[in-house]
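Here the structure comes first, spelled out in structure tokens, and everything after it is commentary.
Throughout, read-outs are computed from the coordinates displayed, never taken from laboratory work. Values in this document were obtained by computation on a predicted structure and should not be read as measured data. Here the Cβ is made from the backbone with ideal geometry for all residues, glycine too, and neighbour counts use every protein chain on show.
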Amino acid sequence: MLSMTPLDYQFHDSYFVVAHFHNVLMAGSAFGAFAGLYYWWPKMTGRMYDERLGKLHFWLFLVGYLVTFLPQYALGYLGMPRRYYTYNADIAGWPELNFISTVGAFILGLGGIVWVYNMLKSLRSGPKAPENPWGGYTLEWLTASPPKAHNFDVKLPTEFPSERPLYDWAKKGVKLEPEDPSHIHLPNSSFWPFYAAATLFAFFVAVAALPVPNVWMWVFLALFAYGLIRWALEDEYSHPVEHHTLTGKSNAWMGMAWFMVSEVGLFAILIAGYLYLRLSGAAVPPEERPALWLALLNTFFLVSSSFTVHFAHHDLRRGRFNPFRFGLLFTILLGVLFFLFQAWEFYQFHSHSSWQENLWTAAFFTIVGLHGLHVVIGGFGLILAYLQALRGKITLHNHGTLEAASMYWHLVDAVWLVIVVLFYIW
């Protein structure tokens, strides 16, 4: 809602923003998270919980969030700004609505106490959970509660008629045979996923808590990159394994395809806002804009890199490993050239046009800068694939990192062509 510029003009920095954000977060995210937690709690812990306390938690949260946030919408319409800790008591409606909102917050807090007590009670003395307490038809209910490290003790059929395989197999009379334990190969234990998550968290803490830029953010970012490299170079399995898919596409392809859908949505929202500002006359380009020749040069670098990574992937599929590695390295170098020229362009443009004073400049640095961040992320993904290629981890049948990184890189190139038209030519 607030990404729509006309509405944002009306609601900007009002209490409507507070109400909208927290209301959507509570109803759209928190309730879904709690529903999932209650549904899978017996499977995760092997214990059942008190259903009466669960229902009490639901009703306290439902009433509490409505009483908390609905008055805040009205406060926004009445002109109350956000981020003010006090206000005049004689403003009509403000004290009464804030009091109601406070009562709702206490009801929410009470619901949270009930939830925590219910979970602790379940862990300490809850009845043992059966394998399938809800009569579910999806695969997780075929495992023990809690699941074993290898998940399944039976051989799974290769046909999945629908998203309810347990129902389909029971209807067809399919009998599941025990799995030979010697055929079970678990992924190797790894420290690096936890390390990468911890260092990335520390990086964001440094960005949020300290003036930007600061030394600690760069330190943690470097440590995070180091963790990703170590993770990428590890062997996932001690024995060769085969991954089965229903779509004919690899897990890397499917995961990146869905991620790209969200990326397209992100840039579409930002570009739509920019178009509104530009067409309404609010965002007027400064007299000295970034040079078109430099944008065209960067376009040459980026479009060329899209071709080189494409042909590198084809060389890998033909078993031509040396041309594949060279093409991948050349793609990375073209991406580095793009980044260096754009960094120089940003430095030059920022010296004579401030994003704090010109709306077009602010939109330029936001959208083009976000694209530049994607170039850095995509380039790092290609570097990980190149390091795996040097180590021999990328083969004809195991090239998920390259597949995902190359798809992402093509998306980065396509978005750049749109940006060139909107910010450099128009």
Checklist outcome for this item: Those chymotrypsin sites (Phe, Trp or Tyr not before Pro) from region 205-288 that are DSSP loop and have at most 14 other Cβ neighbours within 10 Å turn out to be 237
Item to check | Cβ-based net charge around residue 15, under 11 Å, with every Lys or Arg adding one and every Asp or Glu removing one | outcome: +1
Item to check | Selected from 373, 165, 216, residue furthest toward positive end of dipole (the chain; charges at beta carbon) | outcome: 165
Item to check | Neighbourhood charge, 15 Å Cβ-Cβ cut-off, centred on residue 383 and excluding it, Lys, Arg +1 and Asp, Glu -1 | outcome: +4
Checklist entry - If the cut-off is a Cα-Cα distance under 17 Å, which aspartates and glutamates reach residue 148, setting aside same-chain residues fewer than 8 apart in sequence? => result 131, 140, 179, 180
Checklist entry - Relative to the compact globular guide of 2.2 N^0.38 Å, what is the alpha carbon radius of gyration of region 185-241, as a ratio? => result 1.43
Checklist entry - Extension gain residue 176-residue 317, at 0.36 nm per residue separation less the Cα-Cα distance, in nm? => result 47.1 nm
Item to check | Size of charge dipole - the chain - debye, nearest 20, with Cβ of Lys, Arg +1 and Asp, Glu -1, no other charges | outcome: 760 debye
Checklist outcome for this item: Which residues qualify? For residue 14, with a placed amide H closer than 5 Å and at least 5 residues away or on another chain, they are 82
Next on the checklist: Using Cα-Cα distances under 8 Å and only pairs 6 or more residues apart, what relative contact order does the chain have, in percent?
Outcome noted: 13 percent
Next on the checklist: Quick check on the chain: helices-only [θ] at 222 nm, where DSSP H runs of length 4 and up contribute -39,500 (n - 2.57) each and the sum goes over total residues. Nearest 500, please.
Outcome noted: -22500 deg cm²/dmol
Item to check | Under the Karplus curve 6.51 cos²θ - 1.76 cosθ + 1.60, θ = phi - 60°, whole-Hz ³J(HN,Hα) for region 358-363, x wherever Gly or Pro sits | outcome: 10, 5, 4, 5, 4, 5
Checklist entry - Just in region 31-112: which chymotrypsin sites (Phe, Trp or Tyr not before Pro) are loop by DSSP and have at most 12 other Cβ atoms within 10 Å? => result 84, 85
Checklist entry - If the chain between residue 116 and residue 234 were fully stretched, how many nm would it gain, using 0.36 nm times the residue separation less the Cα-Cα distance? => result 38.6 nm
Item to check | Hydrodynamic radius (Kirkwood) for region 132-197, which is based on Cα pairs only, to one decimal in Å | outcome: 14.0 Å
Item to check | DSSP-assigned coil residues among GluC sites (Glu not before Pro) in region 119-183, each with at most 11 further Cβ atoms within 10 Å | outcome: 159, 163
Checklist entry - Which entries of 121/175; 55/175; 128/175; 121/155; 43/393; 155/249 show an alpha-carbon separation above 32 angstrom in the structure shown? => result 121/175; 55/175; 121/155; 43/393
Next on the checklist: Here are labelled values, [x] -0.39, -0.71, -1.23; [y] -0.43, -0.61, -0.82; [z] -0.45, -0.70, -1.00, and one is the computed log10 I(q)/I(0) by the Debye sum over Cα atoms at q = 0.06, 0.08, 0.11 Å⁻¹ for what I pasted. Which one?
Outcome noted: [x]
Next on the checklist: Please list, in order along region 103-110, the HN-Hα scalar couplings obtained from phi with the Karplus expression 6.51 cos²θ - 1.76 cosθ + 1.60 (θ = phi - 60°), rounded to whole Hz, x for Gly and Pro.
Outcome noted: 4, x, 5, 5, 5, 4, x, 5
Item to check | Under 5 Å, built H, 5+ apart or other chain: amide partners of residue 47 | outcome: 129
Checklist entry - What ³J(HN,Hα) values, in whole Hz, does the Karplus curve 6.51 cos²θ - 1.76 cosθ + 1.60 give for region 312-318 when θ = phi - 60°, with x put for Gly and Pro? => result 5, 4, 5, 4, 5, 5, 8
